Amino acid sequence: MINGTGAKIIGTGHALPEKVLTNADLEKIVDTTDSWIVERTGIRERHVAEAGTPVSEFATEAARQALEQAGVEAKEVDLIIVGTVTGDMKFPATACLVQAKLEAKNAVAFDLSAACSGFLYSLQVASALMRTNSYRRVLVIGAEVLTSMINWQDRDTCILFGDGAGAALLAPAEGQTGLIHSRLGSDGRQTDLLYNPGGGSLHPANLEPVAPDFPTIRMEGREVFRHAVTAMTKVLKQVLEEAEVSAEEINLLIPHQANLRIIEAVGKRFGIDKEKVYVNVDRFGNTSAASIPIALDEGRRSGRIKEGDLVAMVTFGAGLTWAAALHKF
Ligand code: ACO
């Protein structure tokens, strides 16, 4: 195994809205059925925020839990990165709002936009900044209120997404532990497969009235599915090869929780036992940048991830963007 990047996860946390929206609830809103949703996506229910709840609320709660678990005080945090595409406002960065709520007054704070890849992108950026700027306590948060950009009349998309946040606290690694290796990828030629046109400089809200359905998600589901399986499998294999680790050595694979069929296809092509693949998409739907850190925290708190375990993470999202990372706890 190659030498790690020097950053290790020492605390995790996650937060979800209380309200649960089941497939049966969705049957009353759009022309869909529980059996269609379960068969095509594996999703049974998702947590949804009350309209107007800021994403910083969930991000802050997840970060608080990560700090508490590691026994680290907010004032010790040097850097906060929030991976999100559903920030509280266009600006300031949600990371600055989280900094204020945590009273992490010594931290540098910024957001990172990579859609569902937001957490793994932030993890790699954080580990690089820890090396160059000597940061010692870093919060990496994936947080989304994706339901704030859902068109509830569009059955192709509204059944897929949920809200929540997950956080990881990083510290310098000791020995051969921590983030071993990580790779990111992007393909800007495929932006039209998954995007939200509303509210930006392309359709300025101050000059032209924004059509009611503008600030919502547009998606070519079948194409996204195809690209997701190919890119996730490829980047995962690349990370393992470069790290000189075999699939058998992985204790747990945490794939982005978008669709059970994508998760199963990636697991099969990668050649890993089904029992070693983490799944919670049935309970949370696709929470975008929050999905991997939520799973990480669940895994650590339930004992599924133990000290010494080698955990692989892989994701895919709008952009297109994708990423994989290998972490030894
Ligand atoms: N309920 C019932 N029927 C539906 C629904 C629904 N909710 N949605 C679509 N259908 C119908 C379609 O109209 C179509 O009907 P037709 O055959 O009469 O034309 C039929 O079901 C099949 O539709 P497909 O789109 O081919 O279904 P597919 O098996 O591809 O599943 C899905 C659709 C679930 C969207 C799948 O393509 C998928 O998961 N894609 C990936 C999406 C994703 O993960 N996006 C997020 C990426 S990450 C990020 O950055 C946010």
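In plain terms, the chain from E76 to L202 could stretch by 41.4 nm, reckoned as 0.36 nm per residue minus the Cα-Cα distance.
Counting only lysines at least 8 places from K101 when in the same chain, those with an alpha carbon closer than 29 Å to its own are K8, K19, K75, K90. With a ≥ b ≥ c taken as the square roots of the eigenvalues of the C-alpha gyration tensor of the chain, please select rounded if a/c is under 1.5 and otherwise prolate if a/b is larger than b/c or oblate if it is not? Oblate shape, in that a/c is at least 1.5 and b/c is the bigger or equal ratio.
Within 10 Å of each candidate Cβ there may be at most 14 other Cβ atoms; applying that plus a DSSP loop requirement, which GluC sites (Glu not before Pro) in region 55-127 survive?
Details: sites: E57, E61, E68, E73, E76, E103; in loops: E73, E103.
Qualifying residues, ordered by number: E73, E103.
Quote the FRET efficiency, to the nearest 0.05, computed for E264 versus R304 with a Förster distance R0 of 25 Å and r equal to the Cβ-Cβ distance. Don't jump to the answer; show the numbers that get you there.
Values: r = 18 Å, r/R0 = 0.73.
Rounded to the nearest 0.05, the efficiency is 0.85.
For region 1-60, trypsin sites (Lys or Arg not before Pro) are listed when DSSP marks them as loop and at most 15 other Cβ atoms sit within 10 Å of their Cβ; the list is K19, K28. For the chain, the relative contact order works out to 26 percent when only alpha carbon pairs closer than 8 Å and six or more residues apart are counted.
Tally Lys and Arg at +1 and Asp and Glu at -1 over the other residues with C-beta under 11 Å from the C-beta of L170: what net charge comes out? Local charge sum for L170: +2.
Label positions at Q176 and V20, each projected 7 Å from the Cα along the C-beta direction, are separated by 4.3 nm. Could you tell me which GluC sites (Glu not before Pro) in region 233-329 are loop residues by DSSP with no more than 10 other beta carbons within 10 angstrom of their beta carbon? Taking region 233-329 and a limit of 10 other Cβ atoms within 10 Å, the loop GluC sites (Glu not before Pro) found are E307.
For R155 and S134, a Förster radius of 51 Å and the Cβ-Cβ distance give a FRET efficiency of 0.55, rounded to the nearest 0.05. Length gained on full extension, R189 to E249: 18.1 nm, using 0.36 nm per residue less the C-alpha separation.
Compute the signed sum of charges (Lys and Arg +1, Asp and Glu -1) over the other residues within less than 12 Å, Cβ to Cβ, of I29. Can you show the working numbers first?
Details: positive: K28, R155; negative: D25, E27, D31, D154.
Within the 12 Å Cβ shell, the charges total -2.
Only bridges with both residues in the chain count here: give the DSSP antiparallel percent, nearest 5.
Given both bridge residues lie in the chain, the antiparallel proportion sits at roughly 70 percent.
Per DSSP helix of 4 or more residues, -39500 (n - 2.57); summed, then divided by the residues of the chain. What does that give at 222 nm, rounded to the nearest 500? Before the final figure, lay out each step's value.
Working: 10 runs with 108 residues, N = 329.
Computed mean residue ellipticity for the chain: -10000 deg cm²/dmol.
Modelled spin labels at E68 and R40, positioned 7 Å past Cα toward Cβ, are 4.0 nm from each other. Using the Cβ-Cβ distance between A51 and K274 with R0 = 45 Å, the FRET efficiency computed as 1/(1 + (r/R0)^6) comes to roughly 0.75.
Each label point was placed 7 Å from the Cα along the Cα-to-Cβ direction; for D31 and A211 their separation is 2.0 nm. For region 252-305 and region 1-31, what is the separation of their C-alpha centers, rounded to whole Å? Between the Cα centre of region 252-305 and that of region 1-31, the gap is 10 Å.
Readers should treat all values here as calculations from the given coordinates under stated rules, not as data from a laboratory. Source: prediction; values computed, not measured. Cβ: placed from backbone, ideal geometry, glycine included. Neighbour counts: every protein chain shown.
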